[in-house]
Structures are given as C-alpha cells and as structure tokens.
Amino acid sequence: MRRFPTHHRFSEWDGSQAGEVDADNALGAMVDDLMEYGDLRWAMRNLFSRGMDIPQGGHMQGLRDMLKQLRNQKRQHLDRFNLGSVFKEIEKELDEILDLERGTIDKWLDGEGDELVGDVMRDVAEKNKARLDELPDNAAGKMQELEDYEFLNPEAQKRYIELLNQLRRAMTQTFFDDIEKMVNNMSKGDIDRMKDMLKDLNDLLSKKAKGVDPDAMESFFKDFMDKYGDMFGDNPPESLEELIEQMSQQMAAAQSLMDSLTPDQRAQLQSLLSDRFGDPDLQNELQRLAQAMSAHAPRSSRYRFGGREDIDLEAAMRLMREMRQLDELINQVQVAERTNDLERIDRDLLKELLDDDAAESLDDLKKLLDALEKAGYIRPKGDKWELTPRGSRMIGQKALGEIYARLRRQSLGNHALPEEGRFGERLEQTKSYEFGDPFHLHMPRTIRNAIDRDGPQTPVRLKHEDFEIYRSELITSTATAMLVDLSWSMALRGSFQAAKKVALALHNLITSRFPKDSFHVIGFAAYAKELKAHDLPFLQWDEYVLGTNMQHALLLAERLLDKHNAGTKQIIMISDGEPTAHLENGRARFAYPPTAETYRATLRAVKRCTQKSIAINTFMLDVDYHLKAFMDAIARINGGRVFFTSPDKLGEYILVDYVQRKRKKLAR
C-alpha cells in the first residue's frame, strides 16, 4: 500500500491551542475550594468563575474574565460618546441645508435676464426668504415648518428629505430592528403599505391578546410574513413571539435613549420624532402598536454618558440597543455564575459583543462538566451534581502528589514506587544472594563480581556466589485510625483544609501502596463519629457545637482498631487545642478552660489504648504551653510521639512518618 507523506506544522504555544479539556486538571483546580468549603456546587462555581490554567501554558477564561470584558466595554461606551451631540448633528445638518437654500435665494434675488422671469423668480425668492426668516429657533420647529416648504436648491431639498427619512427611521426603530427597506425614500404607496402592515400587525396582537388558538395564530403569522416579510430585513422573525421580543427590545432601547437625555433634550427629541410621516392614520397605527406592546416592553435603563465623541440619532439608537444587550449579557453571566448553569448565557450574543475567543471560552467551560462526567469524577443527582467515589479517590491522589512534590523540592527523602512481591519494596542497596531471598537480581553488580573474579573475558561465566540482589523491606500490616478535630477553631486558624487533605492523601497512600493496611477516619468535636473516605471532601467543622472531645474520639478509635487482630495498631490525632469536653452518662459535657474531669477522662482513654498496644502519635497545630503539657502527658503514658507543626507542613510530617515506620530491613 502506498503511504502518502504526512506534514506537520509546529508553532509556539499561545494559549489558544487548548484542545480537549483534561478532567484531571479540572478536578485538581477544584480541590482547594472543595476542601475549604466542602461543597461541590461551590467549588464548581468558583472554577467556572475564575477559569483554570492550562498545563501546556495559557489560561482558560472564566466567567469573571467575561464579566470584566463586558463591563469594560460598557464603560468605554459611556466614556466615549456625548449623547447630547445627537441634536448638534441634526442642527448642523439643518444649518447647512438652510445655508444652501439661502445661497440660491440670494442668487434669485440678484438674477439678471428676462425681466418678466426675473420678477417671478425674485417674488418667489422673497417669499421663501421671509418664510426662512420666520423659522423657529429649535430644530424640531424648523423640521416641522420645512415639511411643506418648496425648496429652490435641489441639493438642499435632497438633504432635507434624507434628514427627514433619518428621523422616520429613528421613529420606526422604536419598534423594528431592521427598517432600512421600510423607510428609505418612502413614496405615497410605501406609506400606504407601511400603514397596512401596522394595521395587520395590530390585528395580530389583538388576536393573541384574546387567546386565539396557537395553531391558528401560527397560520395568521405565516400569512402576515408572506405579505410583509420583505420589510423586515435579511433576518425576518420566524414567529410572532420572536417579533414581539424584537419589538420589546427595540422599545426598551428607545426608551433608554429618552431616559438618558436631560428633560429639555428629551422634549426636543420627542418633538423631532412626532408625526414625521405627515399621515394621521399612520401615526394612529403607531400609537396603537405602542399601546399593544406596552405590556411586553421590558424596563428601560438610564445611562450616564460623559464622553466627547459626537454621535447621530440612528447611531445613538444602535448604541442604546448594544448597551441594553451588554446589560442583558452581564446579567446572564452573573446568573450563570450563581447557578452553575452555563446554558443561560447567549453564546451568539457573547460572540457578537465580544469576540470569537469569548464564545470559545464559554464552550470550553461547558466541556469541563462533560469531561468530569465522562471521566467518572462527578455524576448528576436530580438537578445537581455529586462527587463519585472515583472522584474522591482522585482528589486523594492529587493531595498525595502535592505533598510528595513539596517533599521533593525540600529534598526530604525519596519515596520509592511500589513493586509487587511478597517481600515488599525493593531498595537500591544490594546484598549477596542467600537461599530463600527473592531473586531480584542486580545484573550490573553480578557481572562485575564475575569479572573481578576471572578477569575480563567472553563469555562471562557466572557462579552462584556472584549473584547480588536488591535488598527489600518487610511491609507489616498496620491498622490506623486518624482522629481529625472538627472544632470551629480548626477552621478559624486555617487548619481544617490541611487536615482533610492529609486524611485523603493518607487514605490514598494506604489503599494504593499498602493494601493490607486498614485505615479509619474519625471526626470529633463535642462528639466523635466515624467518617467515610468519600465524605472527607464534604466534611465541615461543627460551627454551632462547642467542645473538643478527645476522649470520645479515642474510645471510638479503640473500638474500631479492636476489629484488627494482626499487625500493629496506631492512632494519628490532629488537633489544635486541649480537650474541652468528655462523656458523662453518654452525653458530652463541655467546659472552657478545661476541667480536671475532662483531663482525667481523656487520659483514661489513653491508658485503655496503651493497654491494647495502640500507639498514639499526635500532630498538634498550636504551641500553647498548657496544650504542650497535656500532650507530653499522653506521650508519657502511651509512649507515642508528639509533633508540633503548621498546617502547611502537616501532610509532609504524617506521610513521611507513616512510610518510614513501615520499613524494616530483611537482610543485614
């Protein structure tokens, strides 16, 4: 078979080549929030909000970035445009039209040639001059007076008609999005057709308000669009509901323009747009439409523009529409951020107002959910999502990897990867082979022994005394109960997240590297309770229950460890304070400062564990004098060890201690 050459093109990573979303990275980006708040929904919300770093480089944009861009764009518009210039543009155009007309009038007044023709021209020019001299000072009054004025200058007349059409378009744009074909160069026949369209549309809205059958309404709308569809631009609405929505948005944009003007400017604009078609019936149909749509129009917004750039009326109407779209999109993103529902965001509108990158970022955020679900880390539960056992294990694995990464950076020892074999883990040290040893042959040392004996030659002849093997370590089974303080002070001091992380990491370490070991987690505050590994990410401190009941935690740990007959037994206790509660007749009794009764009850529980050969290793997250004295008392009774550490070092202490105490050399 002929193979065609394949060509590859390589380029520098710029963050845009994200490719498939990695579920492991997405879950890793949520770990800290999940540990901190114990709430998957909150962790996902924060992930969507801030986005995430991409391992290959770059950053996946989050909702917070989109909000910032949308708000910046809105602010740029407000700082750029001067809304009052709408009237300046109209007044400027009117002044130029009148200057053209007066120039022609002056020529007619000074005309030469046929005396009779000259007299007629001068008479017409004098009448027009008098008419222009009597024009009102405001633009609206001038436009009104010029509607029946007979222009002498063709260019002035052309520009006046265009200005009139601009006002008509702005007036019609109050209801319709794309009205160029509806208004430009309107003849008497065009005005009649628009009047017919508005009458039929008002009839449609009336039928809808009366509750006419939806199927019949669909048929009526189809007939309407067959007749008038060409008047609605290149993207006509496909349903009456879509048309109503478009008109509602246009009405709100027009009202926002009015609301954003000063009272005087608002009055001028209303006067400018009033009855521009010069047809009472058409004006009546527009008023009917406005009344029918009043129930559908959304609330308008007032914008405070402070820029200097001039803008004409039509551009101002388009600007108002974009400002409202920005507000709508900002609201959509905010709601999506609160609800984790990215479908609430209009992707097409996001692309239109921002750019392709923003739309693609939204797509990437949506892929995060799909990737996490396909990887089996989360699953839907009703209208929410929940973490699966697999997801919980992956969080433990990441917590373990995070701790090991810190250890590697600090050069605190190597952590060998597990190797299958009945004698445990292989070490880098070697020894001479003895009968019964696992035959983990160290080939370079074995060959070197033969060469040292017989000298360099081929073939190399091996004898049994040349064999040198890797040393291995004996892994004994261990039953461990980790006691995690759930009192509010742990959260107050920032220790709670670290405790949960190390519990998950140790659980992952034991299940993956020491499968014969057993591991229990017990949480304690006023009372103690056993916790499942899957529940650890969602574990919360007891905010409303006072007490640090170490006695109950130790008694529960003793009962759980009693189930394991072989191997060693140990308790790892993580706390940041003295015991302030103990059980009396099955109920917790709290006191602060701690009472002698609480101390005695806790130490009796320590003695019970000691009598059953259960070692108690305590990791304290505070260095209070009284706390240190009490922990020393536990160590004297039990023989275990006490570590005083900080939340950021907790995982390293516990994992290193656990692994090192598992190792016993087989051969010496």
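Points worth noting:
- Residue in the range 353-373 that is touching a Lys or Arg at 6+ places or on another chain (Cβ under 8 Å) and more than 26 Å from Gln76 (Cβ to Cβ) present: yes
- Those residues of the range 137-193 which are open to solvent by less than 20 Å² (accessible area, probe 1.4 Å), modelled with pLDDT of 80 or more and more than 19 Å from Lys88 (Cβ to Cβ), in sequence order: Tyr149, Ala156
- Cross-chain or 6+ apart pairs with Cβ under 7 Å, the range 513-536 first and closer than 16 Å to Ser575 by Cα, then of a type in the set (Ser, Thr, Tyr): Ala525/Ser487; Ala525/Thr548
- Pairs meeting the criteria (first residue in the range 248-259 and free of Cβ contacts under 8 Å to residues at least 60 places away in the same chain and farther than 22 Å from Pro237 by Cα, second residue assigned to a helix (DSSP H, G or I) and of a type in the set (D, E, K, R), beta carbons under 6 Å, at least 6 apart or on different chains) are Met258/Arg266.
- Taking (1) exposed (fewer than 13 other Cβ atoms within 10 Å of the Cβ); (2) among the acidic types (Asp, Glu); (3) at pLDDT below 85 in turn, Asp213 satisfies each apart from (3).
- Any hit, the range 545-562, residues being assigned to a loop (DSSP other than H, G, I, E, B), of a type in the set (Val, Ile, Thr) and under 42 Å from the mean Cα position of the chain (by Cα): yes
- In the range 125-136, the qualifying residues are those that are loosely packed, with under 13 Cβ neighbours inside 10 Å and not in a helix (DSSP H, G or I), and the one that is nearest to the chain's Cα centre (by Cα) is Pro136.
- Cross-chain or 6+ apart pairs with Cβ under 7 Å, the range 439-457 first and β-branched (Val, Ile, Thr), then part of a helix (DSSP H, G or I): Thr446/Asp466
- Filter pass, Phe221 being under 21 Å from Glu314 (Cα atoms), out of contact with any Ser or Thr (no Cβ under 6 Å at 6 or more places or on another chain) and surrounded by 19 or more Cβ atoms within 10 Å (Cβ to Cβ): no
- Those residues of the range 346-355 which are in a loop (DSSP other than H, G, I, E, B) and in contact (Cβ under 8 Å) with a residue 60 or more places away in the chain, in sequence order: Leu354
- Qualifying residue in the range 576-583 (condition: at pLDDT 85 or above and either more than 19 Å from Ile634 (Cα to Cα) or open to solvent by 30 Å² or more (accessible area, probe 1.4 Å) (or both)): yes
The values are calculated or read from the model by the stated rules, or taken from the named source; none is laboratory data. Just so you know, these numbers come straight off a predicted model, no measurement behind them. Cβ coordinates were reconstructed from backbone atoms using ideal geometry, including for glycine residues, and neighbour counts include every protein chain displayed. All accessible areas refer to the heavy atoms of the entire protein, side chains included, with ligands and DNA or RNA removed. Shrake-Rupley method; radii C 1.70, N 1.55, O 1.52, S 1.80 Å.
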